[in-house]
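Each value in this text was obtained by applying a stated rule to the coordinates, not by laboratory testing. Everything numeric in this text was worked out from a predicted model, so none of it was measured. All Cβ positions, even for glycine, are placed from backbone atoms using ideal geometry, and neighbour counts span all protein chains on display.
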Amino acid sequence: MPTRADAEALLHEFTKGDALRKHGRAVEEAMRAYARWFNVTDPREIEKWGIVGLLHDFDYEQNPTEETHLHVGQRVLRERGYPEEVIEAICSHADYMKIPRDTPLRKAIYACDELVGFIGACAKVRPSKKLADLPPESVVKKLKDKAFARSVDRSYVYGGAEAVGRPLPEHVAFLIDALKPIAEEIGL
């Protein structure tokens, strides 16, 4: 299994934009929190969950279409020696890859990706522009506004909460809390 440092180097090799790098870092932290919530205790397993989050969109900047995103990425990951479990989990975050979300790891990446991005968008429109000042209820309310952050697929957000078996407000609050320790690092 490549290390977290290897994963970060791969992300930086393929992703030059700061926003997508920060998104990967945010999803990494959310995935670590969900690993613990799913009672994962082995530090190597928690690290693996974090790497799935960090790399889930590593090829997106260069391959932004359904025909290329993740198709190219999975090939690169195999070439770089990532285990099949990690590759499958990363690919499972996109519906079009048609990979069943039948493990806690796959459920968590699906649950974290879109909502982490949406939470970031919600924080940026707060008067303080800080995650610390973002109530979960505000995020849930903004989800109903289709014009706000319209690129976020709401079906992934609702489906993600269902996949991890949590009510949406609880899932939102959990992710906000998970991201608070790295808020400055990710620009929130």
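Okay, here's what the table says:
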| quantity | calculated |
| --- | --- |
| Virtual paramagnetic centre 7 Å along Cα→Cβ of GLU13, amide N under 17 Å, in the stretch 56-96 | 56-63, 70-84, 87 |
| The stretch 3-48: trypsin sites (Lys or Arg not before Pro) in DSSP coil with no more than 11 other Cβ atoms inside 10 Å | LYS16 |
| Spatially proximal aspartates and glutamates relative to LYS22 (Cα-Cα < 15 Å; intrachain offsets below 8 disregarded) | GLU8, GLU13, ASP57, ASP59, GLU61, ASP113, GLU114, GLU184, GLU185 |
| 3J(HN,Hα) from dihedral phi, the stretch 105-114, Karplus parametrisation 6.51/-1.76/1.60, rounded to Hz, x for glycine, proline | 4, 5, 5, 5, 5, 5, 6, 8, 3, 5 |
| With at most 11 other Cβ atoms within 10 Å, longest stretch of the chain clear of loop GluC sites (Glu not before Pro) (DSSP) | 68-183 |
| Mean-position separation - Cα centroids, the stretch 102-157 and the stretch 1-69, in angstrom | 18 |
| Where labels lie 7 Å past Cα in the beta-carbon direction, separation of ASP153 and LYS130 in nm | 3.5 |
| The chain - mean residue ellipticity at 222 nm from DSSP helices (-39,500 (n - 2.57) per run, n ≥ 4, rounded to 500) | -18500 deg cm²/dmol |
| For the chain, with +1 on Lys and Arg beta carbons and -1 on Asp and Glu, the positive-most of ALA149, PHE58, ALA35 along the dipole | ALA149 |
| Sequence-separation-based contact order of the stretch 1-154, relative, with Cα cut under 8 Å and 6+ spacing, percent | 21 |
| Cross-link reach list, lysines versus LYS141, counting only Cα pairs under 24 Å and skipping chain neighbours closer than eight places | LYS107, LYS124, LYS129, LYS130, LYS180 |
| Coil-residue trypsin sites (Lys or Arg not before Pro) of the stretch 96-188, DSSP, other Cβ within 10 Å capped at 16 | LYS98, LYS129, LYS130, LYS144, LYS146, ARG150 |
| Of LEU77, ILE46, LEU115, farthest towards positive along the dipole that unit charges on Lys, Arg, Asp, Glu beta carbons give the chain | LEU115 |
| Length gained when the stretch LYS98-GLU137 is fully extended (0.36 nm per residue, less Cα-Cα span) | 10.9 nm |
